[in-house]
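Visitor: Below are the structure tokens for one structure; questions will follow.
Where a number appears in this text, it was derived from the coordinates with a stated rule and is not lab data. These figures come from a predicted structure and were not determined experimentally. Cβ sites come from the backbone with ideal geometry, for glycine too, and all protein chains shown count toward neighbours.
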Amino acid sequence: MATRSARTRPARTSRPRRRSTPAPDVGSATPAYDAVLLLGFGGPEGQDDVIPFLRNVTRGRGIPESRLEAVATHYRARGGISPVNEQNRALKSALESELAGRGIDLPVYWGNRNWVPYLGDAVAEAAAAGHTRLLALTTSAYSSYSSCRQYREDLAQAAAHTALAGRVTLDAVRPYFDHPGFVTPFIDGLRTALAALAGRNVATGDTHILFTTHSIPSADAAASGPRDVGWGPGGAYVAQHRAVAEVIMAALPETGRPDWSLAYQSRSGPAGMPWLEPDVNDAITGLAAAGGTAVVVVPLGFISDHMEVIWDLDTEAAATAAARGLAFLRVPTPGLHPAFVAGLVDLLLERIPTGATPVRAALTSLGPWRDVCSPGCCEKAAAHRPV
């Protein structure tokens, strides 16, 4: 656990190397989108919303009510309110300001998969205002069924369920796991965290960097990404996270660069179903047993400090580290970092003709990712498809 990842070592540079390619032709074949859709996961807004929200999230997965009640305590401790809704309101406002600042006249709508405002209502609202060509920004950066393909299925279902199929165009930007706008905030946050530990006389070389992301079923991970690429264990989902972690680590000075590893959090499936491991708490326990001094957690899989970050990391993982005598710091998610907001608008401009040649930026050799998914990409593993 305390050794550097055995995959490709990061380039010996102090700054990530930006890769960019011209975007595909955005001429007449590309619709002139007339609105932006911020597509989120959703979260409860009060105590009465908690269980209905969790039922929405887990519908068809056979999760017992007792498990929902256990998870509900995380929300109830905060008045039943998920921070993700306010974060998305703030992100919507920031996107509107960034678009206006660039002279781009596009309204921004916001809809969720699992709670109000629901995606279908947002699409209907846009259509009622005369906006029928919407380009979606999903609040998830990586490729897997739940983090990419399911959102695209949501878009198709929204059109069908609102009787707008054939009248509205609903597309999504590409997965942006290695876009500079998404990666830069993590680099900034990690540098700040290491400096803070140094101020507490904790040497950088004595610190382990633990990158975390949402665990998913191992079968879904294996099915993630295009089928014509040999991704290795964990499919594109794991490969993308490791590639981005390498870029972030390469941005640190090579001398005394810490060891790092990838761990997973927020597992929610049946006990008998294999999910990606190790769990973040098990990883922290292993670091302590190996004589570790400090751990910096980088929530690489998330764009904002929502409940799974606040509870699973700031509460549970921090408690695990404290119980085992490890210094613990958690790096912020991108949130409203200016680079992230600007990067999201850059992603929109890859697809929206403006007269300028758009650029598709990427920091790893895996990107820039394709706009349109290939057949079979990120399919839900048949054995675990909801019934």
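Visitor: Just to verify a number: FRET efficiency for residue 372 and residue 322, C-beta to C-beta distance, R0 = 45 Å, to 0.05?
Guide: Numbers: r = 47 Å, r/R0 = 1.04.
In this case the efficiency is close to 0.45.
Visitor: Report the gain in length on full extension from residue 201 to residue 290: 0.36 nm times residue separation, minus Cα-Cα distance, nm rounded to one decimal.
Guide: Working: separation 89, 0.36 × 89 = 32.04 nm, distance 2.01 nm.
Taking 0.36 nm per residue and subtracting the Cα distance, the gain is 30.0 nm.
Visitor: What's the exposure ranking of 273, 307, going from fewest to most Cβ atoms within 10 Å? Can you show the working numbers first?
Guide: Details: 273 15, 307 20.
Going from least to most buried by this count: 273, 307.
Visitor: What value does the stretch 180-330 have for Rg/Rh, both radii from Cα atoms and Rh as Kirkwood defines it?
Guide: On the way: Rg = 15.4 Å, Rh = 16.0 Å.
Result: Rg/Rh = 0.97.
Visitor: What nm distance separates the two modelled labels at residue 227 and residue 314, each placed 7 Å from Cα along Cα→Cβ?
Guide: With each label placed 7 Å out from Cα toward Cβ, I get 4.3 nm.
Visitor: Got the relative contact order for the stretch 180-330 handy, in percent, Cα pairs under 8 Å and 6 or more residues apart?
Guide: Values: 205 pairs, mean separation 48.7, N = 151.
For the stretch 180-330, the relative contact order is 32 percent.
Visitor: Describe numerically, in nm with one decimal, the distance between label points set 7 Å from Cα along Cα→Cβ at residue 56 and at residue 76.
Guide: The answer from the label model is 2.0 nm.
Visitor: Mind pulling the angle between the C-alpha long axis of helix 338-349 and the longest principal axis of the chain? Nearest 10 degrees, somewhere in 0 to 90.
Guide: 40
Visitor: Same structure, new question: Compute the acute angle (0 to 90°) between the alpha-carbon long axis of helix 83-101 and the principal axis of greatest extent of the alpha-carbon atoms of the chain; round to the nearest 10°.
Guide: That helix lies at roughly 60 degrees to the long axis.
Visitor: Sticking with this structure for a sec: Which whole-number percent gives the relative contact order of the chain, counting Cα pairs below 8 Å spaced six or more residues apart?
Guide: 28
Visitor: Give me the one-decimal Kirkwood hydrodynamic radius in Å for the chain, with the sum taken over alpha-carbon pairs.
Guide: Values: mean 1/r = 0.0462 Å⁻¹.
By the Kirkwood definition, the hydrodynamic radius is 21.6 Å.
Visitor: Residue 254 versus residue 128, label points 7 Å from Cα toward the beta carbon: distance in nm?
Guide: The answer from the label model is 6.0 nm.
Visitor: By how many degrees, 0 to 90 and rounded to 10, does the Cα axis of helix 180-199 deviate from the longest principal axis of the chain?
Guide: The answer is roughly 20 degrees.
Visitor: If R0 is 41 Å, what FRET efficiency do you get for residue 105 and residue 192 from their C-beta distance, rounded to 0.05? Walk me through the numbers before you get to the answer.
Guide: Working: r = 36 Å, r/R0 = 0.88.
The value I calculate is 0.70.
Visitor: Another question, if that's okay. Only four residue types carry charge here, +1 at the Cβ of Lys and Arg and -1 at the Cβ of Asp and Glu. Report the dipole size of the chain about the Cα centre in Debye, rounded to the nearest 20. Walk me through the numbers on the way to the answer.
Guide: Numbers: 36 positive and 36 negative charges, 181 e Å.
It comes to approximately 860 debye.
Visitor: First select every other residue whose beta carbon is under 10 angstrom from the beta carbon of residue 268; then total the charges, Lys and Arg +1, Asp and Glu -1. All intermediate terms of the calculation are to be shown ahead of the outcome.
Guide: Values: positive: 61, 67, 267; negative: 308.
Residues close to residue 268 contribute a combined charge of +2.
Visitor: Name all residues of the stretch 96-130 having a backbone nitrogen under 19 Å from the label point set 7 Å from the Cα of residue 163 along its Cα→Cβ direction, giving them as ranges.
Guide: Residues 119-130 fall inside that zone.
Visitor: So which trypsin sites (Lys or Arg not before Pro) in the stretch 103-210 pass both tests, a DSSP loop state and at most 16 other Cβ atoms within 10 Å of the Cβ? Let's see the in-between values first.
Guide: Numbers: sites: 113, 133, 149, 152, 167, 191, 200; in loops: 113, 167, 200.
Answer in residue order: 167, 200.
Visitor: Which one of 143, 266, 365 has the biggest mean-square fluctuation once the chain is modelled by GNM with Cα springs under 10 Å?
Guide: Of 143, 266, 365, the Gaussian network model singles out 365 as fluctuating most.
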